[in-house]
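The values are calculated or read from the model by the stated rules, or taken from the named source; none is laboratory data. Quick caveat, the model's predicted, so the values are computed rather than measured. For neighbour counting, all protein chains shown are included, and Cβ atoms are generated from backbone atoms with ideal geometry for every residue, glycine included. Side chains are part of the model used for accessible areas, which takes the heavy atoms of the whole protein and leaves out ligands, DNA and RNA. Shrake-Rupley method; radii C 1.70, N 1.55, O 1.52, S 1.80 Å.
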Amino acid sequence: MAVLKTTVAEMYKAGDAWLAECSPHPDLARAAWDEEVLAPIPTGGTWLAAETRLAAATYALYRIPEEHRGPVLADPLEDKAWWLVPLSAYRDLADVHQVTVHPPPWSLRCPPTGWQLEGRFWLRRPDGSGQLTDPAVLGAAFGPGGRPPTEGRG
């Protein structure tokens, strides 16, 4: 039985390829990263961006099972995080007050998967598989009414 080994570099390459292909102009995204600037990737083609505060995103990330997690971009300077979610996410996240789903063609300025640019980095990197965060599970991670549950509530 052969064992497949994926190097970190191969994972970054696959993630970058997928992310660039989400842009209508993949070559421009790659060129931006070559110049070490953020690449604007418009929403609405493959995914939407669901924005939350960074602390809330960090909390929610660990409440979501691995199989339901997709890429999450963080910007500590802006205290924001963006979850890449399916195009149908509006329906599942409409009542979650801590999450704002940006309508297309809003652009998310993204670094490549392997390093930080302009303070932004991937809390959960795109891996090339196309996996997105399940919006129903994301909404549930923020608790009833869009608030993270507090310890001892019951």
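General observations
- Looking only at region 111-136, residues that are aromatic (Phe, Trp, Tyr) and under 20 Å from ALA50 (Cβ atoms) come to 2 in all.
- Leading residue by the ranking (most open to solvent (accessible area, probe 1.4 Å)) among those in region 104-134 that are of a type in the set (D, E, K, R) and not in a loop (DSSP other than H, G, I, E, B): ARG109
- Close pairs from region 26-38: first at negative phi and buried (at least 17 other Cβ atoms within 10 Å of the Cβ), partner in a loop (DSSP other than H, G, I, E, B) and at pLDDT 95 or above, Cβ under 7 Å, at least 6 apart: ALA29/SER23; ALA32/LEU38; TRP33/PRO112; LEU38/PRO111; LEU38/GLU118
- In region 84-103, the qualifying residues are those that are over 20 Å from GLN131 (Cβ atoms) and assigned to a loop (DSSP other than H, G, I, E, B), and the one that is most open to solvent (accessible area, probe 1.4 Å) is HIS97.
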